[in-house]
Amino acid sequence: MSSEAIAREDPVRWRNRMGERLRAIRREQLLTLAEVAERSGISIGTLSKVERGLSSLGYDRFSQLADCLGLDIGALFAEGERMETGLVKAARGGEFVPHATDNYDLEMLFPEVFGKSMVPVLATLTASRSRNLDQYIAHEGQEFVHVLRGEVRILFKGHEPLILSEGENAYFDSGRPHLYLPNGPGDARILVVCAGPQRATDLFQKLDGRAANT
């Protein structure tokens, strides 16, 4: 089935598909729910609901889950191939994997490419949606956000909020708990790119090495 066809499916059907995938991966690794819960820090009850298609996880918890299973985060969303030198991929209109959380409707881009240095995600922030304002997320790495449409308010713990209009950007430490909200009565749409700290460090070391050799 093409990514476009998947994206147009009923969100509940896709959530069930993802739960089945997680269960299959866990069983393939001969792990119990209790063992995955202990490794990931996510409760048995939450993992059970995800596997049964009754709940979904935010990016931070999916990242924890992928780490404890020794997987690329994309493997939790789709079958795929490893990023290799010279690889070129394009995502056309409607080619993404949908993922709905309590606060966001996400479009996971290129989940079929494993080993990416960045995780690009499109998110729609619906003004009329009821939100859990206590559900800040935090994870290792760095984060870039670009506002495609509307106006966005980013709440941070221990830092003043940022308000961004269409065409504006922000860059921050993903380890600082944060929460995206539409600012005002209209919906907003954003592009978010997450990158791991080790990958950034590797890049800087390579650049330093090139500079030393010039």
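The values are calculated or read from the model by the stated rules, or taken from the named source; none is laboratory data. Quantities reported herein were computed from a predicted structural model and do not represent experimental measurements. Here the Cβ is made from the backbone with ideal geometry for all residues, glycine too, and neighbour counts use every protein chain on show.
Can you find even one residue in the stretch 109-124 that is crowded, with 17+ Cβ neighbours inside 10 Å, farther than 14 Å from Asp187 by Cα and in contact with a helix residue (DSSP H, G or I) (Cβ under 6 Å, 6 or more places away or on another chain)? Checking the stretch 109-124: at least one residue is crowded, with 17+ Cβ neighbours inside 10 Å, farther than 14 Å from Asp187 by Cα and in contact with a helix residue (DSSP H, G or I) (Cβ under 6 Å, 6 or more places away or on another chain). Being touching a Lys or Arg at 6+ places or on another chain (Cβ under 7 Å) and hydroxyl-bearing (Ser, Thr, Tyr), is that true of even one residue in the stretch 89-112? Checked against the condition, which is being touching a Lys or Arg at 6+ places or on another chain (Cβ under 7 Å) and hydroxyl-bearing (Ser, Thr, Tyr), the stretch 89-112 yields no hits at all. Listed by first and then second residue, the pairs with beta-carbon distance under 7 Å, at least 6 apart or on different chains, first residue in the stretch 154-176 and within 18 Å of Glu140 (Cα to Cα) and assigned by TED's automatic domain parsing to the domain that holds Gly186, second β-branched (Val, Ile, Thr) and surrounded by 13 or more Cβ atoms within 10 Å (Cβ to Cβ), are Ala170/Val145; Ala170/Ile154.
Just checking, does the stretch 200-209 include any residue being surrounded by 13 or more Cβ atoms within 10 Å (Cβ to Cβ), in contact with a strand residue (DSSP E or B) (Cβ under 8 Å, 6 or more places away or on another chain) and at pLDDT 50 or above? No, the stretch 200-209 contains no residue that is surrounded by 13 or more Cβ atoms within 10 Å (Cβ to Cβ), in contact with a strand residue (DSSP E or B) (Cβ under 8 Å, 6 or more places away or on another chain) and at pLDDT 50 or above. Condition test on Ser43, is it more than 23 Å from Lys116 (Cβ to Cβ), of a type in the set (Ser, Thr, Tyr) and at pLDDT below 90? When the stated conditions are applied, Ser43 does not pass them. Sub-8 Å Cβ pairs linking a first residue in the stretch 121-139 that is over 22 Å from Arg176 (Cα atoms) to a second residue that is assigned to a loop (DSSP other than H, G, I, E, B) and not acidic (Asp, Glu), at least 6 apart or interchain, are Ala127/Gly184; Ala127/Pro185; Ala127/Gly186; Arg129/Asn103, ordered by first then second residue. Take Ser56 and tell me if it is at negative phi, of a type in the set (Ser, Thr, Tyr), crowded, with 19+ Cβ neighbours inside 10 Å and in contact with a Ser or Thr (Cβ under 7 Å, 6 or more places away or on another chain). The answer is yes for Ser56. For Ser63, indicate whether it is on the phi < 0 side of the Ramachandran plot, under 16 Å from the mean Cα position of the chain (by Cα) and assigned to a loop (DSSP other than H, G, I, E, B). No.
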